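J.: My structure is below; once you've seen it, I'll send some questions.
The values are calculated or read from the model by the stated rules, or taken from the named source; none is laboratory data. Given the structure is predicted, the values throughout are model-derived calculations rather than measurements. Virtual Cβ from ideal backbone geometry, glycine too; neighbours counted across all protein chains shown. What goes into the accessible areas is simple: the full protein's heavy atoms, side chains included, and nothing from ligands, DNA or RNA. Shrake-Rupley method; radii C 1.70, N 1.55, O 1.52, S 1.80 Å.
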Amino acid sequence: MSKEISQAVIRRMPRYYRYLGELLDVGVERISSNELSSKMKVTASQIRQDLNNFGGFGQQGYGYNVKYLYEEIGKILGLDHQHNIIVIGAGNLGQALANYVKFEKRGFMITGLFDVNPALLGLSVRGIEIRLLDELEEFVRNNKVDIAALTMPKERAEEVANQLVGLGVNAIWNFAHLDLELPEHVVVENVHLSDSLMQLSYNIVKKEYNAEKK
């Protein structure tokens, strides 16, 4: 994909995919950009602009074929092939990720769980055995690992991330409470749950303030 696509557009693509999947589930075969607009809370013009970045997919006077657009966006998002994920940190969050079955429906397969706590050794989450962190290198060398999810304290996250990069893992899904600085060839998605909660808090305060002004 030679054209540089803005992050704002990329963030909307999974939403399009999710909504189109819901439409497929209830038997909708085609939809106009205006109809999709009301569901997405994005203007019809913005939807057309977003999709034109990837070729358009619509027909004038017809709109979009829901199944075709769903499949094409799935390809854009790389969901047409399997991604193997390992989770480093088998505490509450790590186990919750391993238990989330919808990942598998999207082609994201959790194949390994690791932790430093010996008390967790040998326990299983949905059939995935928890291993100790000192087994990480051997596992990565012997298994295809596309993505590593870090659900561990920030104190060790950078060290483990660098170890993973050294082992050839080039995509990190980072839940540790710091922004990782890794080589440019490594794809990093930093997920700060507290940031999302603070944004929610701001919107609550804003709504209460606006209500008081009326």
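Let's see how each residue does on (1) part of a helix (DSSP H, G or I); (2) farther than 20 Å from Gln95 by Cα; (3) of a type in the set (Asp, Glu):
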| position | (1), (2), (3) |
| --- | --- |
| Ile130 | no, no, no |
| Asp134 | yes, no, yes |
| Phe139 | yes, no, no |
| Val145 | no, no, no |
| Ala161 | yes, no, no |
| Trp173 | no, no, no |
| His177 | no, no, no |
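J.: Kindly indicate whether Phe108 is under 18 Å from Arg15 (Cβ atoms), in contact (Cβ under 8 Å) with a residue 12 or more places away in the chain and in contact with a Leu (Cβ under 6 Å, 6 or more places away or on another chain). Step through it out loud before you land on a result.
T.: Working: under 18 Å from Arg15 (Cβ atoms): yes; in contact (Cβ under 8 Å) with a residue 12 or more places away in the chain: yes; in contact with a Leu (Cβ under 6 Å, 6 or more places away or on another chain): no.
Spelling it out, it is not the case that Phe108 is under 18 Å from Arg15 (Cβ atoms), in contact (Cβ under 8 Å) with a residue 12 or more places away in the chain and in contact with a Leu (Cβ under 6 Å, 6 or more places away or on another chain).
J.: Just give me the residues in the range 79-127 being hydrophobic (A, V, I, L, M, F, W, C), part of a strand (DSSP E or B) and within 21 Å of Pro153 (Cβ to Cβ), in sequence order.
T.: Residues of the range 79-127 that are hydrophobic (A, V, I, L, M, F, W, C), as a first pass: 79, 85-88, 90, 93, 96-98, 101, 103, 108-110, 113-114, 116, 119-121, 123, 125.
Imposing the further condition that a residue be part of a strand (DSSP E or B) reduces the set to 85-88, 108-110, 113-114, 125.
Scanning the range 79-127 gives Ile85, Ile86, Val87, Ile88, Ile110, Leu113, Phe114, Val125.
J.: Right, next: Do we have any residue at all in the range 112-121 that's within 21 Å of the chain's Cα centre (by Cα), crowded, with 18+ Cβ neighbours inside 10 Å and of a type outside the set (Phe, Trp, Tyr)? Give the derivation first.
T.: So the first thing to find is which residues in the range 112-121 are within 21 Å of the chain's Cα centre (by Cα), and the list is 112-114.
Filter once more, keeping what is crowded, with 18+ Cβ neighbours inside 10 Å: 112-114.
Subset that is of a type outside the set (Phe, Trp, Tyr): 112-113.
Scanning the range 112-121, I find at least one residue that is within 21 Å of the chain's Cα centre (by Cα), crowded, with 18+ Cβ neighbours inside 10 Å and of a type outside the set (Phe, Trp, Tyr), so the answer is yes.
J.: So in the range 48-70, with the set limited to residues that are assigned to a strand (DSSP E or B) and surrounded by 11 or more Cβ atoms within 10 Å (Cβ to Cβ), which one is modelled with the lowest pLDDT? Walk me through how you get there before you give the answer.
T.: If we filter the range 48-70 for residues that are assigned to a strand (DSSP E or B), which is where we start, we get 59, 63-65.
Now drop any that are not surrounded by 11 or more Cβ atoms within 10 Å (Cβ to Cβ), which leaves 63-65.
Working: Gly63: 84, Tyr64: 90, Asn65: 92.
Out of the qualifying residues, it is Gly63.
J.: Could you grab me the full set of residues in the range 179-195 that are out of contact with any His (no Cβ under 8 Å at 6 or more places or on another chain), open to solvent by less than 100 Å² (accessible area, probe 1.4 Å) and closer than 21 Å to Gly91 by Cα? If you could, list the steps in order and put the result at the bottom.
T.: Going through the range 179-195, the residues out of contact with any His (no Cβ under 8 Å at 6 or more places or on another chain) turn out to be 179-191, 193, 195.
Now narrow it down to the ones that are open to solvent by less than 100 Å² (accessible area, probe 1.4 Å): 179-180, 182-183, 186-188, 190-191, 195.
Residues satisfying the conditions are Asp179, Leu180, Asn190, Val191, Asp195.
J.: Can you list residue pairs whose Cβ atoms sit under 9 Å apart, with the first residue in the range 185-214 being touching a residue at least 12 places away in the same chain (Cβ under 8 Å) and the second being open to solvent by less than 100 Å² (accessible area, probe 1.4 Å) and part of a helix (DSSP H, G or I)? Count only pairs 6 or more apart in sequence or on different chains.
T.: As it stands, the answer is His185/Val165; Val186/Ala161; Val186/Leu164; Val186/Val165; Val188/Ala161; Leu193/Leu93, since those pairs meet every condition given.
J.: Under 29 Å from Gly78 (Cα atoms), aliphatic (A, V, I, L, M) and under 18 Å from the mean Cα position of the chain (by Cα): which single residue out of Val160, Val125, Val186 fits that description? Break it down into steps so the answer makes sense when it comes.
T.: Working: Val160 fails: under 18 Å from the mean Cα position of the chain (by Cα); Val125 fails: under 18 Å from the mean Cα position of the chain (by Cα).
Going through Val160, Val125, Val186 in turn, just one is under 29 Å from Gly78 (Cα atoms), aliphatic (A, V, I, L, M) and under 18 Å from the mean Cα position of the chain (by Cα): Val186.
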